[in-house]
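Structure first, commentary second.
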Amino acid sequence: MNRSMITATNTMAQLQKQLDNISHNISNLNTTGYKRREMNFQELLFQQYNNQPIERNEEGRLTPNGIRQGVGAKVSLTSLQLAQGSIKTTDRALDVALLKENQFFQIEVDGETQYTRDGSFSLSVLPSGATQLVTSEGNPVLSESGPIIFGEGSTSFSISKNGELTVNYQDGTADSFNLSVVQIQRPQVLQSAGNNAYSIPNLEELGMVEADVFGLMDRFDISVQQGALEQSNVDLQKEMTEMINTQRSYQFNAKSISIADQMMGLVNGIR
């Protein structure tokens, strides 16, 4: 097969991954707390043709002697961009927005601790009659001591700036819970777990410990806003520009395959 065909085919497969990533970002434009992902490319292995004498020194030449012939490009890294999204006021008592980057709410999904920036919480009544704080997907929201469960007769909720939830009852009593918020100093370790949540992989396999991922913090480092939600940090104009550039690169590589095929046809015709 023509060398240019191999190069173009390799690159087109990777460009398709970038198009998939862009469409995923655009589809989550209105997802609360969603963080966009960005792809970076790097060159694949190349072959060096030293077709010039080593002792030859061309005046003004800025590149090494010889010719480098590559075999395309590949996606080297898909990075999670944690830039703060805009804050939308909802005036709903159980809507909570995180105001600092790298901080996540802890939730429980099928017995596993996961992490999310989506603070659109709700209430779920348990068979025992107690009430539990859950996410929009129905997963328990965690406090520092476990799931947040309180009794019947709650009348109002207040959440302080450092994440302390106070449940007020009809009889004038109140319960307090500290929302479990963690600071992740290596967000690229996070794996998408679906439903706008993230999980932590097996750190031993990565040669890491929890201290490498979770930053030290106390309650005063937490900053939340009640009655508001963080919007996604997807910039539609930027994503559309990236999509157009990627599509043009894809078309360019497809055209090179077509031209290489025509050239091979001409060679066969000459024979």
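The values are calculated or read from the model by the stated rules, or taken from the named source; none is laboratory data. Since the model is a prediction, treat every value here as computed from it, not as a measurement. All Cβ positions, glycine included, derive from the backbone under ideal geometry; neighbour counts span all protein chains shown.
For this structure, a couple of remarks:
- The set of residues from the range 236-250 being free of Cβ contacts under 8 Å to residues at least 24 places away in the same chain and within 30 Å of F105 (Cβ to Cβ) comprises Q237, K238.
- Applying the criterion of at least 1 residues that are of a type in the set (F, W, Y) and over 26 Å from R36 (Cα atoms) to the strands (runs of 3 or more DSSP E) found wholly in the range 117-170 leaves 154-159, 164-169.
- Only listed residue being surrounded by 14 or more Cβ atoms within 10 Å (Cβ to Cβ) and either assigned by TED's automatic domain parsing to the domain that holds N178 or under 23 Å from S192 (Cβ atoms) (or both), chosen from A97, A83: A97
- Any chance S27 is among the hydroxyl-bearing types (S, T, Y), free of Cβ contacts under 8 Å to residues at least 60 places away in the same chain and exposed (fewer than 13 other Cβ atoms within 10 Å of the Cβ): yes
- Residues in the range 4-36 that are part of a helix (DSSP H, G or I) and of a type in the set (D, E, K, R): K17, D20.
- Within the option set E230, E239, being of a type in the set (D, E), under 30 Å from T89 (Cβ atoms) and out of contact with any helix residue (DSSP H, G or I) (no Cβ under 8 Å at 6 or more places or on another chain) holds for one residue only, E230.
- L142 buried (at least 19 other Cβ atoms within 10 Å of the Cβ) and in the same structural domain as E164 (by TED's automatic domain parsing): yes
- Residue tally, condition under 18 Å from P127 (Cβ atoms) and small (G, A, S), over the range 147-160: 3
- Test: V96 is part of a strand (DSSP E or B), in contact with a strand residue (DSSP E or B) (Cβ under 8 Å, 6 or more places away or on another chain), more than 30 Å from I6 (Cα to Cα) and hydrophobic (A, V, I, L, M, F, W, C): yes
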